[in-house]
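The values are calculated or read from the model by the stated rules, or taken from the named source; none is laboratory data. From a predicted model like this one, the values you see are computed outputs, not experimental measurements. Here the Cβ positions follow ideal geometry from the backbone for every residue, glycine too, while neighbour counts run over all protein chains shown.
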Amino acid sequence: MTSSRVALVTGGASGIGYGISRALALEGVSLALCGRRDESRVQDALEALRALEVEVLYVSADVADAADRAAVLEAVRRRFGRLDVLVNNAGVGPRERNDILDATEESYDWVMGINLKGPYFLTQAVARWMIEQRQDAPDRSQAVVNVGSISATVASTNRGEYCLSKAGMGMATQLWAARLGEVGIPVYEVRPGVTRSDMTSGVTDKYDRLIEDGLLVQSRWGEPEDVGKAVAMLARGDLPYSTGQVVMVDGGLTLARL
């Protein structure tokens, strides 16, 4: 069993997930990462994380699949023997952005499976294991951090399934915070705004224009490391009396202004 803290970061080898993984690695946290990509496709990211002198495990898995979720946790048990932090980061947008009048059930089910069902049941399984671990170490520092989105409250009618999945993630954060409070496991949510990632690569020009025209209070793109720093703060335990709370990492996009 490793003596260092261990974090499982879903989707942790690319985009925002990589920013989170790197921030945790800089604090000496051992990493278990999973994603739908084959390990060979994320090898550069894994080696960059290992260069920070932390242990890194990668499991190719889809969080929407129950067998894959079980396989990830079994791999973490075998490799590390413990799990201290779960970061539910993996997420997808619709393959095609369609008006909600034209949205398909196939797209809805795919997005909801990865963005909402997967994290919900992964948290359930991890929470059971965390509670089990606390029987031998009641003072162990543990946490669950959900990566949501401003789309939980900001409507985009050309990707309704994504907005609904992130709104659901907001309620999941509250539910798990309420349930796990009695056993001392805090649950938080981080909501990124317009952030550079694979998901936003196709709309770069659009958001460049919007940012230039004053969309944000802080007039720049969000970067994966911005989200990573927020998650690291929560995983570190810097907000011990704030379970269930949402940390906005959106450059002031959702700040009400006249």
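At-a-glance table
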quantity	calculated
Every residue from segment 151-206 that is of a type in the set (A, V, I, L, M) and either within 21 Å of residue 236 (Cα to Cα) or in a strand (DSSP E or B) (or both)	177, 178, 180, 183, 185, 187, 190
Criterion (in contact with a Phe, Trp or Tyr (Cβ under 9 Å, 6 or more places away or on another chain) and surrounded by fewer than 20 Cβ atoms within 10 Å (Cβ to Cβ)) met by exactly one of 173, 200, 153, 195	200
Within segment 218-258, tally of residues that are among the aliphatic types (A, V, I, L, M) and over 25 Å from residue 204 (Cα atoms)	7
Selection status of residue 44, loosely packed, with under 13 Cβ neighbours inside 10 Å and either at pLDDT below 95 or in a loop (DSSP other than H, G, I, E, B) (or both)	no
Members of segment 89-138 that are closer than 23 Å to residue 192 by Cα, buried (at least 16 other Cβ atoms within 10 Å of the Cβ) and more than 15 Å from the chain's Cα centre (by Cα)	94, 97, 98, 107, 108, 110
Restricting segment 50-88 to residues that are β-branched (Val, Ile, Thr) and assigned to a strand (DSSP E or B), the residue that is surrounded by the most Cβ atoms within 10 Å (Cβ to Cβ)	87
Qualifying residue in segment 84-103 (condition: within 16 Å of residue 9 (Cα to Cα), among the small types (Gly, Ala, Ser) and in contact with a helix residue (DSSP H, G or I) (Cβ under 6 Å, 6 or more places away or on another chain))	yes
Checklist (1) in contact with a Leu (Cβ under 6 Å, 6 or more places away or on another chain); (2) under 19 Å from residue 77 (Cα atoms); (3) in a helix (DSSP H, G or I) applied to residue 144, failing item	(3)
Sole residue being among the acidic types (Asp, Glu), outside any helix (DSSP H, G or I) and more than 19 Å from residue 24 (Cα to Cα), chosen from 132, 96, 106	96
Inter-residue pairs, beta-carbon under 6 Å, first more than 8 Å from residue 63 (Cβ to Cβ) and in segment 104-123, second of a type in the set (Gly, Ala, Ser) and buried (at least 16 other Cβ atoms within 10 Å of the Cβ), 6+ apart	111/165; 112/165; 113/64; 115/91; 115/165; 116/165; 116/168; 120/172
Filtered residue count, segment 210-258, keeping only those that are in a loop (DSSP other than H, G, I, E, B), under 17 Å from residue 142 (Cβ atoms) and not hydrophobic (A, V, I, L, M, F, W, C)	8
The listed residue being buried (at least 16 other Cβ atoms within 10 Å of the Cβ) and among the hydrophobic types (A, V, I, L, M, F, W, C), out of 216, 210	216
